[in-house]
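Below: one structure, written as structure tokens.
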Amino acid sequence: MLTHDELPIVHLVLNTDCNAWDLAPTSTSPGVCRFCYRERNKVSTDADTVRRAIDRLRSESEAHRCVFTGGDPVMPYDNHLEAALRHATEAGFETNLHTNGLLLSERFAGIRDHVTVYSLAVDGPDSRTADWFRGQGYFERFLSNVDFLAADQRRLAFNTFTTAVSVKELPRLALLIAEVSRRTEVEYWLISQYRPVGRASTRKAGIYGFGRRDFVRAVDNLHADINDMTIYAQPTRAPEDPYPFRVWVLADGTVTADLGSVAAPRNAVLGNLLVDGFEPLVRRAFALREQTHREGTA
Ligand code: SF4
């Protein structure tokens, strides 16, 4: 059994594609979500397989939370989201739905009772900034999602990506988020910076990259505006600072993990938990990550 300290959270990926790509970019934008590590859908599964994967997660770990991420897990087709959320909550997991929210109102009735926290992406305090990142109409949809979720007293979290320009807008976004937190519970705010990991691109770095120190200072300055809200900062990544260990489970049972190498083009595929078991695969990932760390510091 993996203890809660070893693995507090698991990420479940029902699909790797995303419907935000259908939005039109604004006239000055480099394109919708160009910073995203977008992929065609890599997952092919069925509801029964998803449920069996969740059962293995439950029986072999004390993780308290299952994060539904992607791509975007709220898609215009049946990706077994409702079945998976229901099964995860019935198995005793808290659930966190990471979404752009574009189709949230349409699928809300089917998922409402099985989502602990809705983590909504928003990159700026107005449509000029936010739509530059994610496409025309995005910010308007974000506001309407916040309105109906707050009216229904749902628990929210926010997820923000920054550039050298938009980082200056963080104080205004903090005011918006603080205002939402007076209407309903806001669990955390995650603020990130471009990470030229593995598939580094100088073009993207030119668009999105900026100094780590500027990012850290801007986020530190927010604490005064936002009182006791939890803020997680995800600055750009240097070779010497591997991120906390995370495991992603694809809905066909494939287990992948970040083994700590900044140069790795993508997460390492460890195996399939329906065949190999979940705990053995994660223990192997711990060992491989330790090895990566040793080689990096040797
Ligand atoms: S909304 Fe999220 S998952 Fe979709 S393309 Fe943008 S960053 Fe990627």
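Computed from the coordinates by the stated procedures, all read-outs in this text should not be read as laboratory data. Since we're looking at a predicted model, the values are computed, not measured. Backbone-built Cβ (ideal geometry, glycine too); neighbour counts: all protein chains shown.
Brief remarks on what is shown
- The chain - percent relative contact order, Cα under 8 Å, separation 6 or more: 19 percent
- Most fluctuating residue given options 244, 171, 280, as computed from a GNM of the chain linking Cα atoms under 10 Å: 244
- Across all directions, the shadow cast by the convex hull of the chain built on its C-alpha atoms averages 14.8 square nanometres.
- Of the GluC sites (Glu not before Pro) in the stretch 141-245, those whose Cβ has at most 15 other Cβ within 10 Å and which sit in DSSP loop: 185, 240
- Over the stretch 1-148 - Rg/Rh using Cα atoms and the Kirkwood inverse-distance radius: 1.00
- Among 84, 251, 109: highest mean-square fluctuation, GNM of the chain, C-alpha pairs under 10 Å: 109
- Distances between placed amide hydrogens fall under 5 Å for residue 67 paired with 10, 11, 12, 96, all partners being 5 or more residues away or on another chain.
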